[in-house]
1. Could you tell me how many degrees, from 0 to 90 and to the nearest 10, lie between the Cα long axis of helix 218-231 and the main elongation axis, the longest principal axis, of the Cα atoms of the chain?
2. If you average 1/r over all unlike Cα pairs in the chain and invert the result, what Kirkwood radius do you get in angstrom?
3. I need 329, 126, 188, 106 ordered by Cβ neighbour count within 10 Å, fewest first.
4. Arranged by the count of other C-beta atoms within 10 angstrom, fewest first, what order do 134, 322 take?
5. Using alpha carbons only, how many degrees (0 to 90, rounded to 10) separate the axis of helix 22-37 from the longest principal axis of the chain?
6. What does the C-alpha gyration tensor say about the overall shape of region 73-119? Classify as rounded when a/c is under 1.5, otherwise prolate if a/b is larger than b/c, or oblate.
7. Arrange the peptides 20-29, 272-281 so that the one whose residues have, on average, the most other Cβ atoms within 10 Å appears first.
8. For region 162-295, what relative contact order do you get, as a whole percent, if you take Cα pairs closer than 8 Å and at least 6 residues apart?
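Derivation of every value follows stated rules applied to the coordinates shown; laboratory data play no part. Remember, predicted model here, so these are calculated numbers, not experimental data. Every residue, glycine among them, receives a Cβ derived from its backbone with ideal geometry; neighbour counts consider all protein chains shown.
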Ligand code: F6P
């Protein structure tokens, strides 16, 4: 694939964890590629796995009708299939055997006449794509993740829906916290970034917001809860990121997924804090881990609009020959950045982010 003139067929895949709005991007890519540019589109199943195992299907206009508001991905996804380090078995001692299967991926793309692949994913997917670019494949990336932690884009689709779900949970937990005069912790996803918790915490009026970027002091946290119970309101609502950690401490690991390129799964910090706070104070505590409920379900209108913009812009990059770049939104403008620069990197909440100041100004504690 050397120039826009030869372009005939594009592939589309969804990689990494699923996220509300994936189907809206698949729809936008497919419809705009067909109607605006007369291209053929094929869907690749389960992310890079579909290219490794040759599972590809044509996507026609009607195949992507009525999916704009549907959660998940009609193509399926995988967060384990890195073609340059693919698990092919186990050694006698149980350790995994990895193989570079990028040539299998290239062969599948060639067999199906795929000129460019639109890969919809997070930092892991962009990293898989950039290692295939080294072999000569062509990609255009679309930034996806509820975590909102991709570099060089102010926002990813799926984030707004996750924030909305988490805020709804805080609203609901507040009434039960107030009724029982309890300390209630609500644990949110986000890996090592606190975007979901920060936004939902502000939107839901959480009294304490714990994010990975600001290490918390257990003593300060307990004091906030006790102060509230004595002086103000007899309950405390705490929004806590799964990656939150105490000063000088580590995040709580829920499990290690050995065959995943990013094996650490965080989770459980709210349970740990629940016991620690109740041991150190006389307050009654409960923890709720929201988990994958934040990833499922219908995308918000905001995410549907963003996903549609991203999908259409991706096709523009494809047809304009601007390959191996990822669509990005910067200061409200659609743009693009090199995929290689996004790979394997995460965007964190900066210490001078205005929402931190707004949170503090409206009485929230960050546990520091
Ligand atoms: O990156 C999205 C995300 O939902 C993170 O917020 C979370 O830490 C992780 O994926 C969970 O991964 P899995 O679906 O493999 O449990």
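1. Helix 218-231 sits roughly 60 degrees off the main axis of the chain.
2. Radius from the Kirkwood sum: 21.5 Å.
3. 106, 329, 126, 188
4. 134, 322
5. 30
6. Oblate is the answer for region 73-119, as a/c is 1.5 or above yet b/c matches or exceeds a/b.
7. 20-29, 272-281
8. Once normalised by length, the contact order is 32 percent.
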